[in-house]
1. Can you put S105, S251, S84, S20 in order of Cβ neighbours within 10 angstrom, beginning with the fewest?
2. So what is the 222 nm mean residue ellipticity for the chain from helices alone, if each DSSP H run of at least 4 adds -39500 (n - 2.57) and you divide by all residues, rounding to the nearest 500 deg cm²/dmol?
3. Hey, how many Å between the Cα centroid of region 82-147 and the Cα centroid of region 185-208?
4. Fewest to most neighbouring Cβ within 10 Å: what's the order for W185, W47, W54?
5. What residue among G87, G164, G53 shows peak mean-square fluctuation when the chain is described by a Gaussian network model with Cα springs under 10 Å?
6. What angle, in degrees between 0 and 90 and rounded to the nearest 10, separates the Cα long axis of helix 172-181 from the longest principal axis of the Cα atoms of the chain?
7. How large is ³J(HN,Hα), in whole Hz, for each residue of region 233-241 in order, when computed from phi with the Karplus curve 6.51 cos²θ - 1.76 cosθ + 1.60 and θ = phi - 60°, using x for Gly and Pro?
8. Starting with the fewest neighbours, write out D40, D72 ranked by other beta-carbon atoms found within 10 Å of each beta-carbon.
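Only the coordinates and a few stated rules stand behind these numbers; no lab work does. Worth saying up front: this structure is predicted, and the values here are computed from it rather than measured. Cβ placement follows ideal geometry from the backbone for every residue including glycine, while neighbour counts extend to all protein chains displayed.
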Amino acid sequence: MTIWMPPPPPPGSCWHLLESETFSAHEQNVVAEILKRKKDLSKKTMWMYGGDGWAYDIGYGGLDHVFAMGEDVNVLLVDTEVYSNTGGQSSKATPVGAVAQFQASGKKTKKKDLGMLMMTYDNVYVAQCSMGANPNQLIKAIKEAEAHKGPSIVICYAPCINHGIKKGMNNVQQEMKDAVNSGYWNLYRYSPETKKFTLDSKEPTMPLYDFMKGEVRYASLELSFPENAKVLFKDAEEAAKEKYEYYKRKSEN
């Protein structure tokens, strides 16, 4: 049970003074009531939770407005790269080459890089994570986001039933790992205080195509529009390499 107990108050803190000073009988009754409710007076954490359709697309203006105001809020974004709750429509988070509603012949444009857009502000903490690939990096990012005095966003890769994962939805942790190993998804953390960009992903060890062909949203394009698949998958390979190299250079600056 000790792990749930709050740490002892540091010397000089208000709690330390309330617990160590001498008060009159009336004052002591007030102090006792305050100390009894100490846990209710701690700083509350404000987290918003949403998906990519909201954050990248229809709700982007609102998200951008809140971040521009500099409020101390945290956003946990689950990125399925598609409008999952409304039937699998394409969003601005949908990558090039993916098949989705309204993109039956494969999406022709690249995915919006929301993390990089948010880094254009001077006070936004940004992290990109994938729990199955590196759970420690995710926990570290959440802690850093919470500690940051200002807006923060933690963007998490979220495999979805609309992806048509051939391994099955019972293997989504492995799918998250493969997404990072193939260079499809990158892990990083950015601190606005130090201006330090930390690339937590290593060089890809798995061909991107091997990852893509394991999901129906990509594999189906080779069956229905094979010529499109050749062009768009090549575009996807080039985009993944360019993005990793850009992140790598940014982390070395």
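1. On the way: S105 13, S251 16, S84 19, S20 9.
Going from least to most buried by this count: S20, S105, S251, S84.
2. Numbers: 9 runs with 97 residues, N = 253.
Value at 222 nm, helices only: -11500 deg cm²/dmol.
3. Computed from Cα coordinates, the inter-centre distance equals 14 Å.
4. On the way: W185 25, W47 13, W54 19.
Listing W185, W47, W54 from fewest to most nearby Cβ atoms yields W47, W54, W185.
5. Comparing G87, G164, G53 in the GNM, the peak value goes to G87.
6. 70 degrees
7. So the J values, rounded to whole Hz, are 5, 5, 4, 5, 4, 5, 5, 5, 5.
8. Working: D40 8, D72 14.
In increasing order of surrounding Cβ atoms, one gets D40, D72.
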